[in-house]
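Here the structure comes first, spelled out in structure tokens, and everything after it is commentary.
The values are calculated or read from the model by the stated rules, or taken from the named source; none is laboratory data. Please read these numbers as outputs of a predicted model, since none were measured by experiment. With ideal geometry, Cβ positions are generated from the backbone for all residues, glycine too; neighbour counts draw on all protein chains shown.
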Amino acid sequence: MNDSLIRYAHGEGDDAPIVTITIDRAEKRNAMTYAMLADFTAKVAQASLDPLCRVVILTGVPGAFCAGTDLADLATIPGENRGLRGSATDEHAWWPLVSCTKPVIGAIDGPAVGMGAEFSSQCDVRIATPRARFAWNFAHRGLVPDTGAGSWLLPRLIGPAQALRLLYSGDFIDGAEALRLGYVQAIVDPDDLAAAAVSEARRYLLGSPMSHRLIKSLVYGGLDRTHQEHLVAHTEALSGCFKSDDHREGVASFLERRPARFTGS
């Protein structure tokens, strides 16, 4: 496949720790083929392992986020031969953005439909434009949400009743409605989307990458734990923090009134 369909780029200068992953198939509104999906998953895994990466921005070319699975590509494989992308235990295959150890910001302009809507749910924070449109239209294709994010994460993000309404109907919602539901955190002009996402990412660069990694794990893991189970995970994480270089640096930088120089360890 053409590697340019999924682009991976570090920012420049002080923004070098910010990696932008861009889906670039404008003529198909960034609809995913099987080959693109494999490359997309690999690029997200690359960000997790990239020692220079601190924050990930996921976006599409202007006017498009991801229009879902390319049904023309899907149609080349008979239905009885269409397999799952991995087992239930292979979380990275299903939820690559949740599995990513770095904060992930979705910068959404244009349609996020089907798999694209699922990817938007897997982002930690979402910023959209008035041109954004979201639809979980799997019931129209005789399917359930294809990554499982729509049936597990979406109800936790906007509530079961609102999620079920979108899942049952397959209706589109625009950016304003997504903001009203609390699904997106901000609406900005399309020309300002990239800058707004970078500005959000810069706020995260002030924190410890070790803290971010643990916080993300605790938050997503906590969605499915009992209170007591969560306290066990929490106390283990906090105990590790107290022994870390990043904690020592965070305290020292406060006392010395200077910016922290975190190493992630």
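Residue 214 fulfils the conditions (1) within 20 Å of residue 107 (Cα to Cα); (2) buried (at least 17 other Cβ atoms within 10 Å of the Cβ); (3) not charged (D, E, K, R) except for a single criterion, (1).
Pairs are defined by a Cβ separation below 7 Å, a sequence spacing of at least 6 or placement on different chains, a first member in the range 177-191 that is on the phi > 0 side of the Ramachandran plot and loosely packed, with under 15 Cβ neighbours inside 10 Å, and a second member that is at pLDDT 95 or above and not in a strand (DSSP E or B); the pairs so defined are 182/158.
Set side by side, the residues 166, 193, 179 differ, and just one is among the hydrophobic types (A, V, I, L, M, F, W, C) and either within 23 Å of residue 94 (Cβ to Cβ) or assigned to a loop (DSSP other than H, G, I, E, B) (or both), which is 166.
Within the range 234-254, not a single residue is outside the structural domain of residue 124 (by TED's automatic domain parsing), surrounded by 12 or more Cβ atoms within 10 Å (Cβ to Cβ), among the basic types (Lys, Arg) and free of Cβ contacts under 8 Å to residues at least 12 places away in the same chain. Quick check: is even one residue across the range 250-258 among the aliphatic types (A, V, I, L, M), part of a helix (DSSP H, G or I) and within 23 Å of residue 96 (Cα to Cα)? Checking the range 250-258: not a single residue is among the aliphatic types (A, V, I, L, M), part of a helix (DSSP H, G or I) and within 23 Å of residue 96 (Cα to Cα).
Being modelled with pLDDT of 95 or more and not assigned by TED's automatic domain parsing to the domain that holds residue 136 is true of residue 214. Within the range 19-36, how many residues turn out to be under 14 Å from residue 58 (Cβ atoms) and surrounded by fewer than 21 Cβ atoms within 10 Å (Cβ to Cβ)? Looking only at that region, the number is 2. When we screen 221, 170, 148, 182 for residues that are farther than 30 Å from residue 259 by Cβ and in contact with a strand residue (DSSP E or B) (Cβ under 8 Å, 6 or more places away or on another chain), the only hit is 170.
Among helices (runs of 4 or more DSSP H) entirely within the range 1-106, having at least 3 residues that are modelled with pLDDT under 90 singles out 71-74, 91-94.
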